[in-house]
Amino acid sequence: MLVDPFARAIRYLRVSVTDRCDFRCTYCMSENMTFLPKADLLTLEELDRLASAFIRMGVQKLRITGGEPLVRKGILTFFEAMSRHLATGSLHELTLTTNASQLARFAEPLAALGVRRVNVSLDTLDPDRFAAITRWGRLAQVLDGIAAAKAAGLRVKINTVALKGMNEDALFPLLDWCAAEGHDLTFIEVMPMGEDMSPLRLDQFWPLKDLRARLAARFTLTDLAERSGGPARYVRVEETGQKLGFITPLTHNFCESCNRVRLTCTGQLYLCLGQDDAADLRTPLRMSAEDSGLEAAIRAAIARKPRGHDFDYSRNRVNGRIARHMSHTGG
Ligand code: SAM
C-alpha cells in the first residue's frame with residue numbers, strides 16, 4: 001500500500017494521457033499552444049504499465065484526463081487495458097474528465113468497458129459565450145456528447161468554472177438544465193494557472209462565496225456534511241432536491257484528506273495540486289522492463305507528498321511556478 005508521511009493512503013490516481021486539446025479555454029490555454037514532442041509522451045503501453053503499478057500498490061480509483069483525453073489516438077485501447085483491473089476487483093472506479101466534444105462516438109464503448117460516470121466541463125449553455133470561453137468549441141457538439149453519455153447509461157457530472165463577467169448569467173440556466181437532465185453540478189473557482197495567463201485575470205476571479213450568495217437569494221441551500229474524499233463541499237437545493245458541489249482550490253480545506261496524485265503524459269508525478277514538486281517516473285519506467293525500480297521510484301515520490309498546498313493570489317509565484325500545471329495535469 002502507498003501511504004504518505006501524513007498517514008494518508010493513496011487511493012486515487014489522475015492520469016493525463018495527452019497535453020493536446022481540441023479547445024483553447026481562455027483560462028487554461030493560450031490560442032497558440034506548443035505541444036510536447038511525441039517522443040516525450042508515454043506510449044499507451046507505458047501508461048498501462050505505470051497505471052497498473054499504481055493499482056498493484058493500492059490505487060482504487062483512476063481518472064483519465066488531459067489535455068482532452070478523448071483526442072489521444074487509440075485511447076480506447078488504454079481504457080480497455082484498465083478495464084481488466086475492474087474485472088479483477090483491484091480497481092473500483094475507472095472514470096474520465098472530458099470536454100465532451102468526442103463523447104458522441106466514445107460514450108457507448110466507454111460504458112461497455114466499465115466506465116460508469118463521466119465529468120464534463122461546461123461553463124455556459126449560451127452558444128456564443130461558449131465559443132468565446134473555449135475559443136474552438138461548439139456547444140451543439142458538446143450537448144450531443146452529453147446526450148450520448150446519458151443514453152449510454154453514464155452518470156454525468158457537469159463541472160463549471162466560475163468566471164466573473166463570463167458566465168455569471170449562466171448560473172441559473174445551468175442549474176435548471178442539470179435539474180431537468182438529472183446531471184450533478186459542481187462549481188469550481190478559477191485558479192491562477194494555465195499557459196500564458198500573465199497577471200491572471202484577477203478580474204475574472206468570481207469567488208464561489210459570491211456565487212453561492214446569488215443562489216441563496218433564489219433558493220434555500222442546506223449544507224451537507226457529506227464529503228467525497230475530494231475537494232468538493234456540497235449543498236442541497238431544497239426547492240429542486242439537487243445536490244450542488246463547490247470546489248475552492250485556493251483554500252486548503254481539503255488537504256488533510258487528500259488521497260490523490262497526478263501523473264502527466266510524460267510520466268511526471270505531481271504530488272500536490274498546488275505545488276511544483278514532481279517526480280520523474282519515465283526514467284525508471286524506461287530503464288528496465290521489470291517493475292521493481294519503478295515501484296521504488298513511486299514509493300520514494302509518495303514519501304515526498306507535502307502536507308498541503310498554499311495558493312495565494314497576492315504572491316507572484318503562482319504565475320510563473322505553477323503556470324503549466326492545469327493543461328498538463330488535467331486539473
Ligand atoms: N479537457 C478535459 C476537460 O475539459 O474536462 C480535461 C482537462 S481540463 C484541464 C480539466 C478541468 O480543469 C476542466 O474542468 C477545466 O475547466 C479545469 N480548469 C482548467 N484551467 C483551470 C483554471 N485555471 N482554474 C480552474 N479550473 C481550470
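When cysteine pairs in the chain are screened for C-beta atoms closer than 4.7 angstrom, the residues that find no partner are CYS21, CYS178, CYS255, CYS258, CYS265, CYS272. Under a 5 Å amide H cut-off, with hydrogens placed 1.01 Å from N, VAL15 pairs with ARG63, ILE64, THR65, LEU263 among residues at least 5 apart or on other chains.
Taking the highest mean first, how do the peptides 21-30, 86-95, 128-137 order by number of other beta carbon atoms within 10 angstrom per residue?
Final packing ranking: 21-30, 128-137, 86-95.
Note on PHE6 and ALA225: the model spin-label points, each 7 Å out from Cα along the C-beta direction, lie 2.3 nm apart. Candidate cross-link partners of LYS38 among the lysines, defined by an alpha-carbon separation under 25 Å and a same-chain spacing of 8 or more, comprise LYS73.
Summary of packing: across the peptides 60-70, 230-240, the per-residue average of other C-beta atoms within 10 Å ranks them, highest first, as 60-70, 230-240. The peptide list 282-290, 294-302, 259-267, 159-167, put in order of mean Cβ contacts within 10 Å with the highest first, becomes 259-267, 159-167, 294-302, 282-290. In the stretch 60-212, a dipole from Cβ-located charges (positive for Lys and Arg, negative for Asp and Glu) runs towards its positive end, and of PHE79, PHE205, PRO127 it is PHE79 whose Cα lies farthest in that direction.
Normalised by 2.2 N^0.38 Å, with N the number of residues, the alpha-carbon radius of gyration of the chain equals 0.96. When the helices of the chain are scored as -39500 (n - 2.57) per DSSP H run of n ≥ 4 and the total is divided over every residue, the value at 222 nm lands at -9500 deg cm²/dmol.
Every number in this text was worked out from the coordinates using simple rules, so none of it is lab data. Model, not experiment: these values are computed from the prediction. Glycine also receives a Cβ, built like all others from the backbone with ideal geometry; neighbour counts cover every protein chain displayed.
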